[in-house]
Amino acid sequence: MGKKNLDWANLPFGYIKTDRRFVANYKDGAWDSGKLIKDDKVRISECACVLQYAQTCFEGLKAYTTKDGRIVTFRPDLNAERMESSCKRLEMPVFPKERFVKAVIDTIKANINWVPPFGSGATLYVRPFMFGSNAVIGVKPADEYQFRILVTPVGPYFKGGVKPITVRISDIDRAAPHGTGDIKAGLNYAMSLYNIVDAHKNGFAENMYTDPATHTYIEETGGANILFVTKDGKLVTPKSGSILPSITRRSLVQVAKDYLHIEVEERQINKNELSDFVECGLCGTAAVISPIGKINDHGKEILLPSGMEEMGPVLSKLRETLTGIQMGEIEAPEGWIYEIK
């Protein structure tokens, strides 16, 4: 067949139907063997639990072509573990970790010709997701579920390169105290849609959320964890029970410690400290790190001195090192890279 004839360098960050997707069904207390299928349509009851009560969770990771021509994916075992946490919280059956990783690899392999070439700036986005599929009218968990994996080639999250963005401190909460903020549930993202649209209308790229109990401590944005850099070069990340545990953040923290020998501190960060930091960025699968140049706190502008025009030196080095590991240009820690053979 050969590589697909796409304009790889100009792909949008959007959905393109590929050749195969994986689907497994849960019924009568057990998962079936699962299979790769051509059909991209999902057929469920109009009263399916996912449609009535939003019983769904998802993951996101990528496949890449490395500098030496290998096709790999990055830490899918951690995505499996995080989805397990989401499923348990939402009273959904866990799709076993070993099967999750194998299904991810098999789905990438079945769509190998859709993996963008090295140097194109594009990647193959991998989206595992699960939802309650049978009819439920009373408020209760579903009895039947589908676990699926789709893939789509995507261009860079930020066209034209990574440019510093402006965010605002939000008055609206993305998660309730002791709620579902620390799992990757679809309902969390639905909760943030109104606020992100409003932010865009008012000239902001994102909302920076504070803790829902006191609105005092910085947490995360609608779709990414936050990193800060102090004047003496320390990397600081917010600590809270309602923050989604980002795999990218976890990897960047290890890169900071083991590769760049940067001191890392995970702690509560009072919003009054924001003006003390010299760099700030969002981190996640899509963009790895996106620098923040300005934070608007209800009309008060907080400028990040290293990051107004371009990404600051510490976050830039972090991003460069992690993407180098992902793309095979820097030796990876054991177990981080899964090769698709």
Report task. Figure the gain on full extension for Lys317 and Leu36 (residue separation times 0.36 nm, minus the Cα-Cα span) and round it to one decimal in nm. Result -> 97.2 nm
Query raised in the report: Do the sum for the chain: with -39,500 (n - 2.57) for every DSSP H run of n ≥ 4, divided by all residues, what is the mean residue ellipticity at 222 nm, to the nearest 500 deg cm²/dmol?
Result: -7000 deg cm²/dmol
Query raised in the report: the range 113-206: Rg/Rh from Cα coordinates, Kirkwood Rh?
Result: 1.06
**Report entry** GNM flexibility winner over the chain from Ala213, Ala185, Ala110 (Cα, springs under 10 Å)
**Finding:** Ala213
Query - Kirkwood-based Rg to Rh ratio, the chain, C-alpha trace - result: 0.96
Query raised in the report: Under the Kirkwood approximation applied to all pairs of distinct alpha-carbon atoms, what is the hydrodynamic radius of the range 262-311 in Å?
Result: 12.1 Å
Query raised in the report: Modelled label-to-label distance, Glu81 and His200, 7 Å Cα→beta-carbon offset: nm?
Result: 3.4 nm
Requested in this report: Report the residues of the range 210-236 in range of a label on Val264: point 7 Å along Cα→C-beta, backbone N strictly under 15 Å from it.
Outcome: 225-230, 234-236
Query raised in the report: With +1 on each Lys and Arg Cβ and -1 on each Asp and Glu Cβ, how big is the dipole of the range 3-129 about its Cα centre, in debye rounded to the nearest 20?
Result: 320 debye
Requested in this report: Treating only the Cβ atoms of Lys and Arg (+1) and Asp and Glu (-1) as charged, compute the dipole magnitude of the range 50-198 about its Cα centre; round to the nearest 20 debye.
Outcome: 500 debye
Requested in this report: Please get the size of the charge dipole for the chain, origin at its Cα centre, with Cβ charges of +1 on Lys and Arg and -1 on Asp and Glu, quoted in debye to the nearest 20.
Outcome: 1020 debye
Report summary line: Flagged as over-length at 24 Å C-alpha distance, from Lys102/Lys184; Lys184/Lys257; Lys3/Lys341, the pairs are Lys184/Lys257
Query raised in the report: So how far apart, in nm, are the two label points at Ala9 and Lys300 if each is 7 Å from Cα heading toward Cβ?
Result: 4.7 nm
Query - Relative contact order computed over the chain (Cα-Cα under 8 Å; 6+ residues apart), in percent - result: 19 percent
Query - Accessible area of the chain divided out per residue, in Å², using a probe of 1.4 angstrom - result: 46 Å²
Query raised in the report: Along the positive direction of the dipole of the range 168-278 (beta-carbon charges: Lys, Arg +1; Asp, Glu -1; about the Cα centre), which of Asn195, Thr210, Ile172 reaches farthest?
Result: Asn195
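If you add up the charges near Ile112, with Lys and Arg at +1 and Asp and Glu at -1, over every other residue whose beta carbon is less than 13 angstrom from its beta carbon, what do you get? Don't jump to the answer; show the numbers that get you there.
Working: positive: Lys3, Lys4, Arg20, Arg70, Lys109, Lys341; negative: Asp19, Asp106, Glu339.
For residues surrounding Ile112, the net value is +3.
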Report summary line: Simple SL model, points at 7 angstrom along Cα→Cβ for Lys17 and Asn272; separation in nm is 5.7 nm
Query raised in the report: At what distance in angstrom do the alpha carbon centres of the range 162-212 and the range 278-325 lie from each other?
Result: 17 Å
Requested in this report: Output the relative contact order of the range 271-329, whole-number percent, from Cα pairs under 8 angstrom with separation of 6+ residues.
Outcome: 30 percent
Report summary line: Rounded to a whole %, the carbon-and-sulfur portion of the accessible area of the range 199-252 at a 1.4 Å probe is 47 percent
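The values are calculated or read from the model by the stated rules, or taken from the named source; none is laboratory data. Keep in mind it's a predicted model, so treat the numbers as computed, not measured. A quick note on method: Cβ atoms are made from the backbone with ideal geometry, for glycine too, and the neighbour counts reach across all protein chains shown. All accessible areas refer to the heavy atoms of the entire protein, side chains included, with ligands and DNA or RNA removed. Shrake-Rupley method; radii C 1.70, N 1.55, O 1.52, S 1.80 Å.
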